[in-house]
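Here is the structure we will look at.
Here, each number is a calculation from the coordinates, and none is a lab measurement. No experiment lies behind these values; they were computed from the predicted model shown. Note: ideal-geometry Cβ built from the backbone for every residue, glycine included; neighbour counts use all protein chains shown.
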Amino acid sequence: MLTPPNAAVAAKAATYQGAPAPKGHYRAVYQLDSDDPKLISKTLHNMKNALEDPRLKGKLELELVVFSGGTVAFRKDQPYEADVLALQQAGVVLAQCQNSMKAYKLTKADMLPYISIVPTGNGELIIRQAEGWSLVHP
Amino acid sequence: MLTPPNAAVAAKAATYQGAPAPKGHYRAVYQLDSDDPKLISKTLHNMKNALEDPRLKGKLELELVVFSGGTVAFRKDQPYEADVLALQQAGVVLAQCQNSMKAYKLTKADMLPYISIVPTGNGELIIRQAEGWSLVHP
Amino acid sequence: MLTPPNAAVAAKAATYQGAPAPKGHYRAVYQLDSDDPKLISKTLHNMKNALEDPRLKGKLELELVVFSGGTVAFRKDQPYEADVLALQQAGVVLAQCQNSMKAYKLTKADMLPYISIVPTGNGELIIRQAEGWSLVHP
C-alpha cells in the first residue's frame, strides 16, 4: 500500500531547483522527423526555451537535425519560417538530411537558402552524440 | 536477395542476454512531454520496469522531467497520482518545467506537493545528459 | 523584428556538410516501442540509412531495442520480416524486451528465431548509453 510522502521528502523536493550547469559550454542536437504541425512548432519553441534557460544562457550550442516528415519545416513557403529564421539568427545550425530530400524529390532551390545539408539525419544524430552532444527529441 | 540466417548466427543471438551492467551506479532521465494518457501511463510504468531490471536493481538513479503537455501528470487530482507517488517513494526526482507551468497558468498550489520545479525541462534534459545521464523518451 | 540572414551567414551554412566522423568505430542503439506500422517501417529504414551514411559506412555498430507495442516487429508472420532480416544480416543485434513478451503472453516460439531476449528494453537503453552508445528514437 502506498503511503503519502512525509514532510522530510516534500522539503527535499522543494529545495531541488534543477541541475546546476557548471560547465562553460553545452551542446545539444534536436531531432525533428515528423510533419505534425503541432510537433514542429513545439520543437522550434522548445529550442528557444532551452536557449533562454537561465542556467544555459550564452553557453548553449544547438543544432536542429531535420529528416523524414520534418523536412517540411525547412522548405520555402511554409508557416514555420519566422521561427526557423529566429533560431538561425540565434546561431543554431540547421541541418537537413540529404536522403530525405532525395526521397521527396526536393532540390536546394526548394529549401530555405540558409540551411545546411548533411548526408543523413540519422548519421548526424549518431556522430554528434558520440562527440558528447545531448539529444532532445520533442 | 535475402537468405535466412544460418544456424551459427541464430546460436549467437540466443547467447546474447543483454548488455552487462558492471558499473556501481547508473543514472537516467526520463522525458514526459505529452498529454496522451496512454503515453503518460507507459512512461510511468517504463520507469518502474527499469528500476526492477535485475541488472540495474538497487543502483539506478532516475529523474522524471515533465514539460509541455506532460505537465498534467504532476497536477493535483489526476488519475496518475498513485504511479507518480510510487516513483517518488522509490527515490525518483520529479522535475517539473517552470516554463510550462507559466504557459498553462499553473501555480505551486495546483501541483502535487512533492515535485521539484526546474527552470526549463529542455535545459534539465541537456544538462543531465552532459553529466553522463542516459535519456529515455518513451 | 526579424531580418533575413545576410550573405555571410548563408555562405557559412552552405559550407557545413555535416559533422565529420574521425573515430574508427561508432555505436548506436535504436528504440522501437510503438506498434504504429508507419513508425516501425520508418525505424527499420532509418537504421538502413544510418548504416549507409558515407561518414559511418563500415564502422557503425547498431542494436535495435524493441519493447512495448514495438514487440510486434519481432513476432513471426508479420509484414516487417524482410527488413528485420536485412538488418540482422548487416550485423545489427536485435534485442527484445522480456518484460514486454510476458505482458503480451508471448514465448520464444512466437518470435523470430534470430532475435536476442534482454531483461528489459528500458534497462538495455540505459546501460548502452552509459557505455557511450548514441540513442536514436525515430
Checklist outcome for this item: Shape call for the protein assembly as shown, from the Cα gyration tensor axes a ≥ b ≥ c (a/c under 1.5 means rounded, otherwise prolate when a/b beats b/c, else oblate), comes out oblate
Checklist outcome for this item: The value for segment A:15-59 (convex hull of the alpha-carbon atoms, volume per residue, Å³) is 88 Å³
Checklist entry - If contacts are Cα pairs under 8 angstrom and at least 6 residues apart, what is the relative contact order of chain C in percent? => result 29 percent
Checklist entry - How many partner chain Cβ atoms sit within 10 Å of a residue's Cβ in peptide C:48-54, on average, as a whole number? => result 6
Checklist entry - Restricting attention to the alpha-carbon atoms of segment B:58-99, what are Rg (one decimal) and Dmax (integer), both in Å? => result 10.8, 33
Checklist outcome for this item: Over its alpha-carbon atoms, segment B:37-120 yields an Rg and a Dmax in Å of 12.9, 42
Next on the checklist: Using a 10 Å cut-off around each Cβ of peptide B:98-107, what is the average number of partner chain Cβ atoms that fall inside?
Outcome noted: 1
Checklist outcome for this item: Taking alpha-carbon centroids only, segment C:55-114 lies from segment B:73-138 a number of Å equal to 32 Å
Next on the checklist: Can you give me the distance in nm between label points at C:Lys38 and C:Ala11, each placed 7 Å from the Cα along the Cα-to-Cβ direction?
Outcome noted: 4.2 nm
Item to check | For residues of A:10-17, the mean tally of beta carbons on other chains within 10 Å | outcome: 5
Checklist entry - Can you give me the relative contact order of segment A:92-138 as a percent, contacts being Cα pairs under 8 Å and 6 or more apart? => result 42 percent
Item to check | Mean Cβ neighbour count within 10 Å, used as a protection proxy, ranking A:119-125, A:38-44 highest first | outcome: A:119-125, A:38-44
Checklist entry - For chain B, what does -39500 (n - 2.57) per DSSP helix run (n ≥ 4), summed and divided by total residues, give at 222 nm, in deg cm²/dmol to the nearest 500? => result -10500 deg cm²/dmol
Next on the checklist: Going through the cross-link list A:Lys12/B:Lys105; B:Lys42/C:Lys105; B:Lys42/C:Lys42; A:Lys12/B:Lys76; A:Lys105/C:Lys48; A:Lys76/A:Lys105, which pairs have a Cα-Cα distance over 23 Å in this structure?
Outcome noted: A:Lys12/B:Lys105
